[in-house]
1. Quick check on this structure: which one of 151, 178 is in contact with a Pro (Cβ under 8 Å, 6 or more places away or on another chain), surrounded by 10 or more Cβ atoms within 10 Å (Cβ to Cβ) and touching a residue at least 40 places away in the same chain (Cβ under 8 Å)?
2. Would you mind finding the one in 133, 184, 150, 125 that is part of a helix (DSSP H, G or I) and assigned by TED's automatic domain parsing to the domain that holds residue 228?
3. Name the pairs: first residue in the range 225-240 and touching a residue at least 24 places away in the same chain (Cβ under 8 Å), second residue assigned to a loop (DSSP other than H, G, I, E, B) and not β-branched (Val, Ile, Thr), Cβ to Cβ under 7 Å, at least 6 apart or on different chains?
4. Residue under question is residue 203, and the condition is that it be touching a His at 6+ places or on another chain (Cβ under 7 Å), among the aliphatic types (A, V, I, L, M) and within 23 Å of residue 266 (Cβ to Cβ); does it hold?
5. For residue 232, state whether it is modelled with pLDDT of 90 or more and either surrounded by fewer than 19 Cβ atoms within 10 Å (Cβ to Cβ) or hydroxyl-bearing (Ser, Thr, Tyr) (or both).
6. Residue 73 fails exactly one of the following numbered conditions: (1) in contact with a Pro (Cβ under 9 Å, 6 or more places away or on another chain); (2) closer than 30 Å to residue 277 by Cα. What is the number of that condition?
7. Out of curiosity, is residue 163 touching an Asp or Glu at 6+ places or on another chain (Cβ under 9 Å) and either surrounded by fewer than 18 Cβ atoms within 10 Å (Cβ to Cβ) or farther than 16 Å from residue 268 by Cβ (or both)?
8. Could you list, ordered by first residue, the pairs with Cβ atoms under 9 Å in which the first is in the range 89-110 and part of a helix (DSSP H, G or I) and the second is modelled with pLDDT of 90 or more, at least 6 apart or interchain?
Amino acid sequence: MKNQLQSSNPFSNKLGVFLLASAIGVPAFAQQAQPTPPTQDTPSSTMPQQPSATSANTPGREGFWGRVNPWARKKWVKKQTDPINDRLTELDGLNAKNAKDIQDVDSRAQAGIRQAQSAADAANQTALAAGTQAQQASTTAQGASSHVNQLNGTVNGLDQYKQVTEAEVVFRGGQPILSAAAKQQLDTLATSVDGQHGYILDVEAHSPMAGSAGIQSSQRMAEAVKRYLVTEHQIPVYRMHAVALGNAVVADSTSQDASVKPERVKVSSVHIRLMENSLAATGGASPQGAAF
């Protein structure tokens, strides 16, 4: 029995050596089959590969059969990409800040542009209003200048009267009683001055009586004429200037011949002259703007 066990031992020993050699050779063959960096030294095929110190920085082969550990690769990639991700995050934040700054600058610029445009529009409207006011002022000045020129012409002609017409009213017997013919003459004269301005009535009363009797008689006849014009035709009293001359002889102011002597007064009469100035000729108002 002992001899049999001894005779079988050499076979068992050979089998164990073969299995051990196979276990050592297969990993070595697998290591030789995969490419290795040219800068690294190839380990001996008879010695098991030991992990190097730089395996922590590169994706290594782990496990008994030399297979790559996928979890080790993900960790290594994450470790390599974390700085890049941090830098990208920083760049994203910087870009966001720059975009916000640009938006703020653009908003301020747009607000400034709108404010400037509003100021320009307001200035334009002010200029247009000033131009309109200047035009109105120029028109007003031109109107005022024309009005002043008209007033100057009117004022210059205020004291320049000219005779337009005249009438001779005769009183019978020296009595201050108006006849029908006398009233008709006065009606015609009053109608010609109706609605006119700038005129006066020059009234001269004459009487053939001498002295104070002639003056009093002529004064009563002048008052009779004025009374009729005021009551019947509403001619203002201030437009009539009367004088009682009695039998005084007055030269004719319209006569061009100075050698002609005035005639003596023979009948009782009232001589009326209608005198007009520039106001009556233009039909204008009084210098004070009030209607007479």
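1. Numbers: 178 fails: in contact with a Pro (Cβ under 8 Å, 6 or more places away or on another chain).
When all the criteria are applied, what remains is 151.
2. Just one listed residue meets the conditions, 184.
3. That search, which allows pairs on different chains as well, returns 228/178; 236/292.
4. yes
5. yes
6. All conditions are met except number (2).
7. yes
8. That search, which allows pairs on different chains as well, returns nothing.
The values are calculated or read from the model by the stated rules, or taken from the named source; none is laboratory data. This structure is a prediction, so every number in the text was calculated from the model and none was measured. In this analysis, Cβ positions are derived from the backbone assuming ideal geometry, glycine residues included, and neighbour counts consider all displayed protein chains.
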